[in-house]
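Enquirer: My questions all concern the structure below.
The values are calculated or read from the model by the stated rules, or taken from the named source; none is laboratory data. All values derive from a computational prediction rather than experimental measurement. Every residue, glycine as well, gets a Cβ built from its backbone with ideal geometry; the counts of neighbours run over all protein chains shown. The accessibility values were calculated without ligands, DNA or RNA, using every heavy atom of the protein model including side chains. Shrake-Rupley method; radii C 1.70, N 1.55, O 1.52, S 1.80 Å.
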Amino acid sequence: MKKLLLILLLLVSVFSFSVKNVIYMIGDGMGINHVMLASYLEGRLLEFMKTQNIALVTTHSANSNVTDSAAAGTALFTGFKTNNGMIGILPDGTTVPTIAEIAAKYGVKIGIIATSRITHATPGAVYGHVNSRSDENTLAEQLVNSPITVAFGGGWRHFVATGGKRKDGKDLIKLAKEKGFDYITTKEELLNYNGKKVIGLFNSSHLPAYTDRVNEPTLSEMTKKALEILSKDNSPFFLMIEGSQIDWEAHGNDPYGVWKEIIEFEEAFKVAMEFLKQNPDTLIIVTADHETGGLGLSSGGYYFDVEMIRKFSKNTDFISKESNKDKIKLKELIKKYYQLELTDEDLELFDSLVKEQGNSYYAFSNAIGRLVSKKAHLGWTTYDHTGAPVALYAFGQGADNFKGLIDNTEIPRIIARLAGYPLTFPTYKLPVSGGH
């Protein structure tokens, strides 16, 4: 009998709730080759690559082998597949709870951080339930009515009654304050904040790219402050941190932009690791929702030109805006910020790339990325998402549970089991009506 009891106790110790705090980091669009590209350009392993606890993650949605961020976010935070474009709702209309919503019922504090609008697909998937990811006004209302303690990012235009995207006259900032949130809008306010419950929206829309950001906080600054707030009274917490704009730079086939956005993401990871050192009952997960761009680390010739890319000093979006579709200006900017001389042949290719995409603003920016990548012998297969698997890197308490080939729906289920708030299937009553 004693032996049986001992075995049961050992089993409980293995499967018990050993994780107190969860830091769930999502590099949006961050494929394995994106990480390797940044590593090559830095001339070192990135800090989050330094673990033996690595898994390969499949990312398909319910209706496609290529997911979007809404369906991927739903999988990462509810443990269920849904159709592209849907958040927190299954294809048949069933609303399912997120791991954050369940954790909150167990007294766990919830935080979300993004460099996008806080109502964008990935952060929205932590707390939201909408049929269409574009319904950001509803997501903003759901956030304010959610159990979230800390929310940092961009997108105040979806929260204000005037001067934004709301046409219903609702002032969600006022409502948030009534519900106990403090509201901050500047980097200085963030750095000096010492309260307990806060929404920080630092731009009308998304934050500027990392390399262009001046007045808004960095991902690491937001992470440090969120950890400070969430851990203040020693209660458990669940924090989602998204490096939102890795995806956008990959959409633009911009190697420099991808590199720098991943480095911002790594800086936030370093902050998380410092917290882990002092709080060993913390689990850190670093992964991605999908791969973007189909990046190949060579376009032939058994190499790509690392030294060429290291000389780049601006992202392609900056070059596109500054050139304003003027090709003479484009040549000057490429020479100034990329140390490259564009030939007539280069410009012919550029014209064909723009035309191929319909001559839009994004086509101009994307064509710059594809052109300079070609000159550096980097290959891209698309300007969109791909069905490629992504990597997961785990650290801290329970990290050894993440190995091998897994599906993205398994990640929140493993986290929940380790932390003691198991995901379940029952439908979830929305805190705000009209979410469907």
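Enquirer: Where does the charge balance sit around K314 when Lys and Arg score +1, Asp and Glu -1, over other residues with C-beta under 14 Å from its C-beta?
Expert: Its environment carries a net charge of +1.
Enquirer: Name the residues whose placed amide hydrogens come within less than 5 Å of the amide hydrogen of L295, ignoring near sequence neighbours (fewer than 5 apart) on the same chain.
Expert: HN-HN under 5 Å from L295: T381.
Enquirer: If you count only protein heavy atoms and use a 1.4 Å probe, how large is the accessible surface of K260, to the nearest 10 Å²?
Expert: Only protein atoms counted, so the area is about 50 Å².
Enquirer: List, largest first, the extents of the alpha carbons of segment 154-222 along their principal axes, each in whole Å.
Expert: On the principal axes, segment 154-222 reaches 36, 26, 13 Å in Cα extent.
Enquirer: Same structure again: Ordering D233, D326 from largest to smallest accessible area (1.4 angstrom probe), what's the sequence?
Expert: Result, largest first: D233, D326.
Enquirer: Given Cα positions, please report Rg to Rh for segment 31-164, the hydrodynamic radius being the Kirkwood one. Please report the intermediate quantities before stating the final value.
Expert: Numbers: Rg = 16.5 Å, Rh = 16.2 Å.
Using Cα coordinates only, the ratio equals 1.02.
Enquirer: Further question on the same structure: Any chance you could run the full-extension gain for N234 through V306? It's 0.36 nm times the residue separation minus the Cα-Cα distance, nm to one decimal.
Expert: So the chain would gain 21.4 nm between N234 and V306.
Enquirer: Another question, then. What does the highest-first list of 82-88, 152-158 look like by mean Cβ count within 10 Å?
Expert: Per-residue mean Cβ counts within 10 Å order the peptides as 152-158, 82-88.
Enquirer: Determine how many Å³ per residue the convex hull of the Cα atoms of segment 309-431 encloses.
Expert: Hull volume normalised by residue count: 213 Å³.
Enquirer: Follow-up question, since we're still on this one. At a 1.4 Å probe radius, carbon and sulfur cover how many percent of the accessible area of the chain?
Expert: Roughly 53 percent, rounded to a whole number.
Enquirer: Give me a comma-separated list of calculated 3J(HN,Hα) values for segment 220-237, in order, Karplus coefficients 6.51, -1.76, 1.60 applied at θ = phi - 60°, integers in Hz, x for any Gly or Pro.
Expert: Each residue's phi maps through the Karplus curve to give 5, 5, 5, 5, 4, 5, 4, 5, 4, 5, 5, 9, 4, 9, 6, 7, x, 9 Hz.
Enquirer: Stretch I328-E188 to full length: gain in nm at 0.36 nm per residue minus the Cα-Cα span?
Expert: 46.4 nm
Enquirer: Quick one, what does Rg over Rh come out to for segment 231-287 if you take C-alpha atoms and the Kirkwood Rh?
Expert: Working: Rg = 14.2 Å, Rh = 12.9 Å.
My calculation puts Rg/Rh at 1.10.
Enquirer: I would also like to ask the following. With θ set to phi - 60° and the Karplus curve 6.51 cos²θ - 1.76 cosθ + 1.60, what are the ³J(HN,Hα) couplings of segment 417-423 in order, to the nearest whole Hz, using x for Gly and Pro?
Expert: These are the phi-based 3J(HN,Hα) values: 5, 5, 8, x, 10, x, 6 Hz.
Enquirer: Out of every Cα-Cα pair in the chain, what percent are more than 30 Å apart?
Expert: In whole percent, the share of Cα-Cα pairs in the chain beyond 30 Å is 43.
Enquirer: For segment 243-317, how big is Rg over Rh, using alpha carbon atoms and the Kirkwood form of Rh?
Expert: Details: Rg = 15.4 Å, Rh = 14.4 Å.
The Rg/Rh ratio comes out at 1.07.
Enquirer: A further question follows. Could you give the angle, 0 to 90 degrees to the nearest 10, between helix 32-42's Cα long axis and the longest principal axis of the Cα atoms of the chain?
Expert: 70 degrees
Enquirer: Over the alpha carbons of segment 116-269, what is the largest minus smallest coordinate on each principal axis, giving the biggest first in Å?
Expert: For segment 116-269, the Cα spread along each principal axis is 44, 38, 27 Å.
Enquirer: Let me ask another. Could you work out the local net charge near D254, counting Lys and Arg as +1, Asp and Glu as -1, over the other residues with Cβ closer than 11 Å to its Cβ?
Expert: 0
Enquirer: Highest GNM mean-square fluctuation, the chain, Cα pairs closer than 10 Å: which of G252, G358, G180?
Expert: G358
Enquirer: Something else: Can you work out the accessible area per residue across segment 92-231, with the rest of the protein chains kept in place, probe 1.4 Å, in square angstrom? Intermediate results must be reported in sequence, preceding the final value.
Expert: On the way: 5060 Å² over 140 residues.
With all protein chains present, segment 92-231 gives 36 Å² per residue.
Enquirer: To continue, here is another question. Would you mind checking which residues have amide H under 5 Å from E242's amide H? H placed 1.01 Å from N; only 5 or more apart, or other chain.
Expert: I26, I113, A114, T115
Enquirer: Quick check for you: with a 1.4 Å probe and neighbouring chains kept, what is the accessible area per residue of segment 314-401, in Å²?
Expert: Solvent-accessible surface per residue comes out at 49 Å².
Enquirer: Right, another one. Which whole-Hz couplings ³J(HN,Hα) result when phi for each residue of segment 373-383 is put into the Karplus expression 6.51 cos²θ - 1.76 cosθ + 1.60, θ = phi - 60°, listed in order with x for Gly and Pro?
Expert: 5, 4, 5, 8, 6, 9, x, 10, 9, 7, 9
Enquirer: Take the alpha-carbon positions of segment 142-194, form their convex hull, and give its projected area averaged over all directions (one quarter of the hull surface) in nm².
Expert: Result: 4.0 nm².
Enquirer: Quick check: net charge around A161, other residues with Cβ under 13 Å of its Cβ, Lys/Arg +1 and Asp/Glu -1?
Expert: In short, +3.
Enquirer: Same structure again: Among the listed pairs K167/K325; K174/K314; K165/K325, which are separated by more than 31 Å between their Cα atoms?
Expert: Values: K167/K325 34 Å; K174/K314 39 Å; K165/K325 29 Å.
Over 31 Å apart, Cα to Cα: K167/K325; K174/K314.
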